[in-house]
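The next block holds one structure in the form of structure tokens; read it before the comments.
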Amino acid sequence: DNFPNAACALYAMACEGQWPTDRWREALQAWAEEKLLKKSWRFVARVIGTAPDTIVLNLKHPLSWFLKSQAKTFVGYETQFFFLANRLLELTREGNLTADDDPVARAINHPIGHTTEALLYWWYRQNPSEGQGLPEKVKRLFTNVCDTQVSNYRHGRVILAAHAIALFRSDEGWTRTYLLPIFDWMKSEVEAGAVWEGFLWSPRLYGPLLSAIKNSMLDAAVHYRKLGKHTEQFADFLTFAALDPGETFTTE
């Protein structure tokens, strides 16, 4: 109800090394709402970055949601934005994932998914153009997320797959090197199934990208049951591709 009082109280306690996580959790949830986004950004950007790792881990859900909410509008303290994003990715990387019946739902509700979306929102605000290339700030973090040796980053890979066309158009070289190989069923059925579900979350026909993942896309028919809740989207997508094959597909 009173942002200045709450912020000053939390700041005073932080200076004394006290981090009441329940209060911070409530604050971050409230401050992620539109009416307090602008007021809260500078305070949170400066203060929460000094919190111990254990506190950031305890606050990973509300903090990543707050970062995602801020990403579309924040002004200033850009260094702190990337510092917090990197810290969240590093601290939440541990964890063993198995095949998931709904990787999209998990991704959009996971701190790694929130953080990846936050970085994408920041990137879109830079008005990326065709062939411009990814800014180094996000390229490094996206490259880390594409490391399939870190299974917990799969949540981020699902989100990146949903934006594969935009990434391909802006930085084809990076996308071919780091993101598109994950679509290959021969490398890992679990990883491929997850990113294909991410892509099929809101698929669009874009010839150059389809040419690059043509074999993996056709192989998805063989792995149809691995597409979970997105089997119907794949059937629709395949049908549209067949109706408008362009130079990518033959009838055979």
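The values are calculated or read from the model by the stated rules, or taken from the named source; none is laboratory data. Just so we're clear, the structure is a prediction, and the values are computed from it rather than from any experiment. When we count neighbours, we look across all protein chains shown, and the Cβ atoms used for this are built from the backbone with ideal geometry, even at glycine. Side chains included, ligands, DNA and RNA excluded: accessible areas come from the protein's heavy atoms. Shrake-Rupley method; radii C 1.70, N 1.55, O 1.52, S 1.80 Å.
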Residue 234 fails exactly one of the following numbered conditions: (1) open to solvent by less than 80 Å² (accessible area, probe 1.4 Å); (2) in contact (Cβ under 8 Å) with a residue 60 or more places away in the chain. What is the number of that condition? (2)
Kindly indicate the residue of the stretch 77-103 that is open to solvent by less than 20 Å² (accessible area, probe 1.4 Å) and not in a loop (DSSP other than H, G, I, E, B) and also nearest to residue 149 (Cα to Cα) among those meeting that condition. 89
Only residues that are of a type in the set (D, E, K, R) and open to solvent by less than 20 Å² (accessible area, probe 1.4 Å): list them for the stretch 41-53, please. none
Only one of 140, 106 is basic (Lys, Arg), touching a residue at least 12 places away in the same chain (Cβ under 8 Å) and assigned to a helix (DSSP H, G or I). Can you tell me which? 106
Determine if the stretch 22-40 includes at least one residue that is surrounded by fewer than 19 Cβ atoms within 10 Å (Cβ to Cβ) and over 18 Å from residue 6 (Cβ atoms). no
If residue 74 satisfies every condition in (1) open to solvent by less than 70 Å² (accessible area, probe 1.4 Å); (2) closer than 27 Å to residue 195 by Cβ; (3) part of a loop (DSSP other than H, G, I, E, B) but one, which is the exception? (2)
Can you run down the residue pairs with Cβ atoms below 8 Å, 6 or more apart or on separate chains, where the first is in the stretch 172-192 and over 16 Å from residue 210 (Cα atoms) and among the aliphatic types (A, V, I, L, M) and the partner is open to solvent by 40 Å² or more (accessible area, probe 1.4 Å) and assigned to a loop (DSSP other than H, G, I, E, B)? 190/98; 190/99
